[in-house]
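Following: one structure in structure tokens, then a few remarks.
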Amino acid sequence: MKLTGAQILIKMIKFEGVDTIFGYPGGATIDIHDELARHPDLRHILVRHEQGAVHAADAYSRAHDSVGVALVTSGPGATNTVTGIASAHTDSIPMVVFTGQVPTALIGNDAFQEVDIVGITRPCTKHNYLVKDPNKLAATIREAFHIARSGRPGPVLVDLPKDIIQAEIEFEMPEETALRSYKPNYNPNKKQLAKAVAMLKEAKRPVIFAGGGVILSRASDALTRIAKMADIPVTGSLMGLGAFPGSHPLWLGMLGMHGTFRANMSIGNSDLIIAAGVRFDDRVTGNVKKFAPHAQIVQIDIDPTSIHKNIPVHCPIVGDCKAALEGILDLMEKEDPETLKIDRAPWLDQIDQWKQTTPLKYEQGPKIIKPQYVVEKLYEITKGEAIITTEVGQNQMWAAQFYHFDKPNHFITSGGLGVMGFGLPAAIGAKAACPDKLVVDVAGDGSIQMNIQELMTAIESRLDVKIVILNNRYLGMVRQWQEFFYDKAYASTNMENAPDFVLLAQAYGAKGFRCDDPAKVEETLKLGLETPGTVIMDFRVEREESVYPMVPAGGAITEMLLV
Amino acid sequence: METNRYLLSILVDDEPGVLSRIAGLFSGRGFNIDSLSVATTADPHVSRITMVTNCDAQVIEQIKKQLHKLINVITVTDLTEKKYVERQLALIKVHAKPEKRAEILRIVDIFRCKIVDVGHSHYIIEMSGNSEKHAAFVSLLKPMGIVEIAATGSIALARENGK
Ligand SMILES: Cc1ncc(C[n+]2csc(CCOP(=O)(O)OP(=O)(O)O)c2C)c(N)n1
Ligand SMILES: [Mg+2]
């Protein structure tokens, strides 16, 4: 059967089980879009900026638990994807990005809209390809999906010259990818698993520290059962929220720079940390020299480079989180349950005391809305069941602190890179993946303006998303640092000159509501969430509210600034 | 922390961009490369990269893991942990003033090097050996007046049963 490159591309994307892609056309990819129009079973969502396509694909991947796909043209289309790819790379999100490229004969000649996107994205992709032979197109696409989703997942870019897309060749379904140079190790070493269980039996003050890897490897159930069986309290990184039920008494809240007092104190005083799917980013460790000084550390990760990178580890376990945690669970089930939690009561009492004395707190007065109150009400009204995406800054931290996630894949944030402008396109991607779910972008007034054009995408594609702006008329997180560390000199962070978000919503054909009265927060949220279509809710909040606790950069995580 | 010299032998897929991935990994993560040499192996789809780097024990562990993580890297062998043979090749152009010629020839002889080009005022000497031999040879020739040096990085292979 003879097929064009464009037809092969679409066939292979469908073969990989993808039903939705996010894209934006151009001269180099016009043939692909022409062909796509004949494939109603592969939904193409036309974004308004290529960055939006990549963030949407990222969130689609997380909400759908599959590979996200973006398709853009050469040159500026390709360079516009870089931020989104870098974010997915840091967060290990499986994704394949297809970029158009000038015809092979012109490559290297500074042709119109030519950029070396493979060179540009080499350090921020898991792998990338320039396809130079149409006969290798199908196999390369298959390999790209394989690499994106296996091992430690990540984004893979495939650059497609126009003549490859237009070529007509005999198509044959390629064999399953087998690479001699890439064989991720899923199966953990049994001895190490046994060692971890032995360490647990010795421990008096254990903590489980869950990260994004637990969610990516679908290990939440195993992790939850381990914690419950041995009464081990659980904390998480930003990417790990939802890996363990946020409403369970053993949940400590998030760890790190804006972690809860009890999570940071628990890690600081623990004698055993079972870390799963985390990479000990500086935002969770604080000063590495003072991190968990009394703890033995068990670290489970599919990526050996994550182990021993920042923190010395006593029991490294290289392998799939799910396989490792299930292996540990099997061994635990063979033990007398009491031996797994000797002397646990004093530890849990201590943690409870930290929780009682120093909870997350804020005071909602009668006049000005507190941003935390908006998130707390959002949690109550949605019963914790919405998919929450976030922008970056204080809004992101308050969403992480005050919305409690009982299930994985419900909190979608740009964790490792912290990309302002992530939340709105991400909400669109999540909605495309889960049309029956309520999807809410918890936004800042600064960030929302970075990809505001995607409102049009939401409306055109009928992907109804709800945007809750915690509008402090500041680049709040930066302002907070200026308040604490720069004598309140608020340089370049004032955002009072801003559009009227209600009118802006209307200009795009969305609905907009504003609220500046604490007594009306609940009412406005209900109205906004119940109103059909895409809605912006503009909450005018306390301008100089700060996120607490806060660990100043370079400090130990147990040395927190508190309210 | 104490730094050491490490000699890595890396087998990679012979594909465009592989060297750039490795160089990019080193520059992006602030690892340093002292020398690098690349050539195909008996298998035409596989190239061997021999690399010398100076770093501490924790960094070399990261380097090895990070290299291994690159999709096109097949194996990473740390020869420093094994018995191995190491060679560099250098071409050295020296001033050959009549009164110095005898001494140059003597040094060349002692080091078992070869004179591969003789000009009116210059010799070009070919030398092969490990990095210590290279350094010793160059320091002895220096007083004669070295004009130019072209040298390869180290290449190395593990000896049989090279544990
Ligand atoms: C693309 C990008 N540019 C700059 C930053 C640096 N930055 C981090 S938080 C922040 C302020 C965000 O302001 P806003 O969206 O209003 O959120 P708030 O902190 O006020 O809730 C800035 C500028 C960033 N994270 N991303
Ligand atoms: Mg703000």
* Asked: How many residues does segment A:174-212 hold that are assigned by TED's automatic domain parsing to the domain that holds A:Leu250 and touching a Ser or Thr at 6+ places or on another chain (Cβ under 7 Å)?
  -> 7
* Unique residue being assigned to a loop (DSSP other than H, G, I, E, B) and modelled with pLDDT of 95 or more when the list is A:Lys191, A:Lys204, A:Lys195 -> A:Lys204
* To do: Determine if segment A:54-77 includes at least one residue that is under 22 Å from A:Val102 (Cβ atoms), surrounded by fewer than 24 Cβ atoms within 10 Å (Cβ to Cβ) and free of Cβ contacts under 8 Å to residues at least 60 places away in the same chain.
  => yes
* Structure fact -> Within segment B:15-24, restricting to residues that are facing chain A (nearest Cβ under 8 Å) and in a helix (DSSP H, G or I), the one that is surrounded by the fewest Cβ atoms within 10 Å (Cβ to Cβ) is B:Ser20
* Quick one: in segment A:380-395, of everything that is away from ligand 2 (no atom under 16 Å from the Cβ) and open to solvent by less than 10 Å² (accessible area, probe 1.4 Å), which residue is nearest to the other protein chains (Cβ to nearest Cβ)? => A:Thr389
* To do: Select from segment A:296-305 the residues that are in contact (Cβ under 8 Å) with a residue 40 or more places away in the chain and surrounded by 23 or more Cβ atoms within 10 Å (Cβ to Cβ) and list them in ascending order.
  => A:Val298, A:Ile300, A:Asp301, A:Ile302
* Asked: For segment A:92-121, which residues satisfy the criterion of being buried (at least 24 other Cβ atoms within 10 Å of the Cβ) and in a loop (DSSP other than H, G, I, E, B)?
  -> A:Ser92, A:Ile93, A:Pro94
* Looking only at segment B:26-47, which residues are closer than 21 Å to A:Leu179 by Cα and either within 11 Å of chain A (Cβ to nearest Cβ) or open to solvent by 70 Å² or more (accessible area, probe 1.4 Å) (or both)? -> B:Thr40, B:Ala42, B:Asp43, B:Pro44, B:His45, B:Val46
* Can you pull out the residues in segment A:463-473 that are under 27 Å from A:Ile387 (Cβ atoms) and either open to solvent by 20 Å² or more (accessible area, probe 1.4 Å) or within 13 Å of ligand 2 (Cβ to nearest atom) (or both)? -> A:Asp464, A:Val468, A:Ile469, A:Leu470, A:Asn471, A:Asn472
* Residue identified as among the aliphatic types (A, V, I, L, M) and away from every other protein chain (no Cβ under 14 Å) among A:Ile147, A:Ile141 -> A:Ile141
* **Positions within segment A:7-41 being assigned to a helix (DSSP H, G or I) and open to solvent by 50 Å² or more (accessible area, probe 1.4 Å), in sequence order** => A:Gln7, A:Lys11, A:Lys14, A:Phe15, A:Ile30, A:Asp34
* To do: Within segment A:522-548, track down each residue that is part of a helix (DSSP H, G or I), hydrophobic (A, V, I, L, M, F, W, C) and either surrounded by fewer than 17 Cβ atoms within 10 Å (Cβ to Cβ) or not assigned by TED's automatic domain parsing to the domain that holds A:Lys437 (or both).
  => A:Leu527
* Out of all the residues in segment A:468-511, which are touching a Ser or Thr at 6+ places or on another chain (Cβ under 6 Å) and hydrophobic (A, V, I, L, M, F, W, C)? -> A:Leu475, A:Val478, A:Ala510
* Looking at (1) assigned to a helix (DSSP H, G or I); (2) small (Gly, Ala, Ser); (3) in contact with a strand residue (DSSP E or B) (Cβ under 6 Å, 6 or more places away or on another chain), which is the one condition that is false for A:Ala519? -> (3)
* To do: Working only within segment A:425-454, note down all residues that are surrounded by fewer than 24 Cβ atoms within 10 Å (Cβ to Cβ) and within 16 Å of ligand 1 (Cβ to nearest atom).
  => A:Gln449, A:Met450, A:Ile452, A:Gln453
* To do: Please tell me if A:Ala400 is farther than 22 Å from A:Asn472 by Cα and of a type in the set (A, V, I, L, M).
  => no
* Given A:Met173, A:Met239, which one is crowded, with 24+ Cβ neighbours inside 10 Å, in contact (Cβ under 8 Å) with a residue 24 or more places away in the chain and not β-branched (Val, Ile, Thr)? -> A:Met239
* **Set A:Phe411, A:Phe422: member being buried (at least 22 other Cβ atoms within 10 Å of the Cβ), closer than 19 Å to A:Leu238 by Cα, within 16 Å of ligand 2 (Cβ to nearest atom) and under 13 Å from the mean Cα position of the chain (by Cα)** => A:Phe422
* Looking only at segment B:143-153, decide whether some residue is assigned to a helix (DSSP H, G or I) and exposed (fewer than 11 other Cβ atoms within 10 Å of the Cβ). => yes
* To do: For segment A:190-206, state whether one or more residues are within 30 Å of A:Lys11 (Cβ to Cβ) and more than 31 Å from the chain's Cα centre (by Cα).
  => no
* To do: Determine whether segment B:101-117 contains at least one residue that is hydrophobic (A, V, I, L, M, F, W, C), touching a helix residue (DSSP H, G or I) at 6+ places or on another chain (Cβ under 7 Å) and within 14 Å of chain A (Cβ to nearest Cβ).
  => no
* Structure fact -> In segment A:153-178, anything β-branched (Val, Ile, Thr) and farther than 18 Å from A:Val67 by Cα is listed as A:Ile164, A:Ile165, A:Ile169
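The values are calculated or read from the model by the stated rules, or taken from the named source; none is laboratory data. These figures come from a predicted structure and were not determined experimentally. Cβ atoms come from the backbone with ideal geometry, glycine included; neighbour counts cover every protein chain shown. Accessible surface areas use protein heavy atoms only, side chains included; no ligands, DNA or RNA. Shrake-Rupley method; radii C 1.70, N 1.55, O 1.52, S 1.80 Å.
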